[in-house]
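Read-outs: derived from the displayed coordinates by stated rules, not from any lab. Given the structure is predicted, the values throughout are model-derived calculations rather than measurements. Because the Cβ atoms are built from the backbone with ideal geometry, glycine has one as well, and the counts that use them run over all protein chains shown.
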Amino acid sequence: MSTLFFIFIGALLVNNFVLVRFLGICPFLGVSKQLETAVGMGMAVTFVMTLAGVVTWALQHYVLNAFGLAFLQTVLFILVIAALVQFVELFLKKMVPVLYRALGIFLPLITTNCAILGIALLIAQREHDLIQTVVFCVGAGLGFTLALVIMAGIREEMQFAPIPKSLQGAGIALITAGLMSIAFSGFAGLVPM
Amino acid sequence: MVNLVKDFWNGVWDENTIFKLQIGMCPTLAVSTSAQNGLAMGLATTFVLVCSSALVSLVRKLVPNEVRIPVYVVIIATFVTVVDLFLKAAFPDIHAVLGIFIPLIVVNCVILARAEAFAGKMPVHRSAADALGFGIGFMIALVTLGSIREILGMGTWFGMRVMPAGYVPWSIMVLPPGAFITLGFVVAAVNLISRRSTATSRSS
Amino acid sequence: MSNNLRMVIVLTVTAMLSGLVLSYAHDMANTYIQRNEEAKLRLVILDVLPGAEDYEVLASKTQPEIPEDDVTLSEAPPTQQHIPVYRGLDKNGEEVGLAFIVENPGYGGLIRLIAGIDTRKDTLTQIQILEHKETPGLGSKIADAPFREQFAGKSITDPFVVGQDVDGISGATVSSKAVADGLRTTIQEVMKRYGKRG
């Protein structure tokens, strides 16, 4: 049980996907202007991440490792993720229209989100079992959401701040992210790795 | 010929992926801890970009419109895996540092964006020039960032000592926060330069 | 030819070509990759065991050679169950010492190091940090000479406790302890399994 807790906290805070591992920076900068969309994007990413994490975990163990085809990893994973995102989109549209309206517009953006392929590759390097994989994915997804929501909260306030012209937009967003990253580095050493 | 130079320059400066468009940021932030890592990543990405753009342009008339994206993705992923294997065989140390960011070149939006927006419609030589420009522009950004972080964070440049002996390295520059803050200021500086140059060209 | 059929054909051909190219590239690269790994390992083993000209693998990560009657091992932490151990040989094929890999979690992640024991004097020859993720400027000093060199010539029966016989790095107690603790427990395991037998 404590192992699962450490994996979760490790993925959520200590090795935060955005601020420490630098995965998913594009949506982090692109979709963090409003709090509401940030929450939607965060949830969509967490959902797809967990699904993709489990599927690629199974593929890695039962197909790639089993047949010694590790060199096909990149090709296989990216195709599976792309297909998965399409499938999720169709499924939600038909079966859970409420959720589709909330997450739908974010789904196409997720295929090229490096956080998804990133988590698949990270899982492949680790020796997690299925439950640990799920916990790791959920932790990482919520960590992404947390960073995105904090960023959106700050940027909403920043709209009214007198920022030098050259720094507006990406410049100040990156520097804000740097300060958040300093805060998150305080979590280092929180859990035994 | 003029076209080719224009296609090339577009990616290097006018639409520089990092400085102007702010896409492909993940590898930029993650592997720019030193000038050498930035250069290696830049070269790997440029190789994939040029090869896949050229191939996409070659096969653009054979591929039905509905399945073009999956075909592009497979082409890109194949070249990425070739680079991954090559680095592992020839430069294991660099391969170890770049880690999962080599396979992640696949999802560098720049590559798919160039395939979709340019190579899928243009002849081979123009697609290659365009891809080379974007690749070099990306590499320049990575090496700039890596140099600043390495010089301030470790006192060295490409491994050679450049700061005086008494210099105490700012460790934070090679840690994650340093990546964000450095890139923030570099982007601001580039904004300033291009604003100045448009202002002067307008007034003259 | 119907459009659907064309789509299927194009996708199949693309996937097949990709697989073909990659399996060919993989075959070519693989020999070099394995040769690199072996050369690197050989270099560090001969480095930590002065006088050694060659080595033999007693246990590696993939083929742990654990004595079957060893019940104590089942209680060892997972990182200690497969300790890669190499026996260094001089030019006459005589044992000069044992080299082994130590893995212990530090502050930022796993610390991997290789250490050598001179089995004639029962002392450590030296240690080399292979991999670590400690904080640059603080914990990263475990890989620097002043910290590493204090282990050279230490008796393997020493306590290996930071503050007693090991000087820790100020500001990086966790990293220093991880190295000392990892060495102590792994040395005990290695000597129990491969130390002088009779």
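Projecting the Cα positions of B:Leu43, B:Leu152, B:Phe19 onto the charge dipole of chain B (unit charges on Cβ atoms of Lys, Arg, Asp and Glu, taken about the Cα centre) puts B:Phe19 furthest along the positive direction.
For the set C:Lys40/C:Lys121; A:Lys94/B:Lys121; C:Lys121/C:Lys192; B:Lys88/C:Lys141, the pairs lying more than 25 angstrom apart at their alpha carbons are C:Lys40/C:Lys121; A:Lys94/B:Lys121; B:Lys88/C:Lys141. Largest GNM mean-square fluctuation among B:Val168, B:Val97, B:Val83, using chain B with Cα springs under 10 Å: B:Val168.
Where does each of C:Glu103, C:Glu56 land when they are ranked from fewest to most other beta-carbon atoms within 10 angstrom? Numbers along the way, then the final one.
Values: C:Glu103 21, C:Glu56 10.
By the 10 Å Cβ count, ascending: C:Glu56, C:Glu103.
The orientation-averaged shadow of the Cα convex hull for the protein assembly as shown, equal to a quarter of the hull surface, comes to 33.3 nm².
If you build the convex hull over the alpha carbons only and average its shadow over all orientations, what do you get for the stretch B:2-203? Give it in nm² to one decimal. Write out the running numbers ahead of the final one.
Working: hull surface 53.1 nm².
Value for the stretch B:2-203: 13.3 nm².
Determine the distance separating the Cα centre of the stretch C:100-164 from the Cα centre of the stretch B:131-184; give it in Å without decimals. Comparing the Cα centres of the stretch C:100-164 and the stretch B:131-184, I get a distance of 30 Å. Each of C:Phe100, C:Val190, C:Ile142 was scored by the projection of its Cα onto the charge dipole of the stretch C:49-194, and the greatest displacement toward the positive side belongs to C:Ile142; charges sit on the C-beta of Lys, Arg, Asp and Glu.
Within the stretch A:120-193, report the GluC sites (Glu not before Pro) that DSSP leaves as loop and that have at most 16 other Cβ atoms within 10 Å. For GluC sites (Glu not before Pro) across the stretch A:120-193 that sit outside H, G, I, E and B with at most 16 neighbouring Cβ atoms in 10 Å, the list reads A:Glu127.
Remark: chain C carries a charge dipole of roughly 500 debye about the Cα centre, counting +1 on each Lys and Arg Cβ and -1 on each Asp and Glu Cβ.
Here, the stretch C:86-166 has an Rg and a Dmax of 13.9, 44 Å when only alpha carbons are counted.
If you plug the beta carbon distance of A:Leu90 and A:Glu36 into 1/(1 + (r/R0)^6) with R0 = 35 Å, you get a FRET efficiency near 0.90. Other protein chain C-beta atoms within 10 Å of residue C-beta, averaged over C:105-115: 2. When the Gaussian network model of chain A links Cα atoms closer than 10 Å, the mean-square fluctuations of A:Asn113, A:Asn65, A:Asn15 top out at A:Asn65. Counting beta carbons within 10 Å around each of B:Met139, B:Met160, B:Met25 and listing the fewest first gives the order B:Met160, B:Met139, B:Met25.
About its Cα centre, chain A has a charge dipole of approximately 280 debye under the convention of +1 per Lys or Arg Cβ and -1 per Asp or Glu Cβ, with nothing else charged.
The angle separating the long axis of helix C:173-194 from the principal Cα axis of greatest extent in chain C is about 90 degrees.
Charging the Cβ of each Asp and Glu at -1 and of each Lys and Arg at +1, and nothing else, the dipole of the protein assembly as shown about its Cα centre rounds to 2260 debye. Which is farthest toward the positive dipole end of the stretch A:44-183 among A:Leu146, A:Ile81, A:Pro108, measuring Cα position about the Cα centre, with Cβ charges +1 (Lys, Arg) and -1 (Asp, Glu)? In the stretch A:44-183, that residue is A:Pro108.
One quarter of the surface of the convex hull around the alpha-carbon atoms of chain A equals 12.2 nm², the direction-averaged projected area. Springs between Cα atoms under 10 Å define the GNM used for chain C, and in it the highest mean-square fluctuation of C:Ser18, C:Ser60, C:Ser140 occurs at C:Ser18. Centroid-to-centroid, using Cα positions, the stretch C:26-53 and the stretch B:54-89 are 34 Å apart.
As a proxy for reagent exposure, ranking C:Glu134, C:Glu37 by other Cβ atoms within 10 Å from fewest up yields C:Glu37, C:Glu134.
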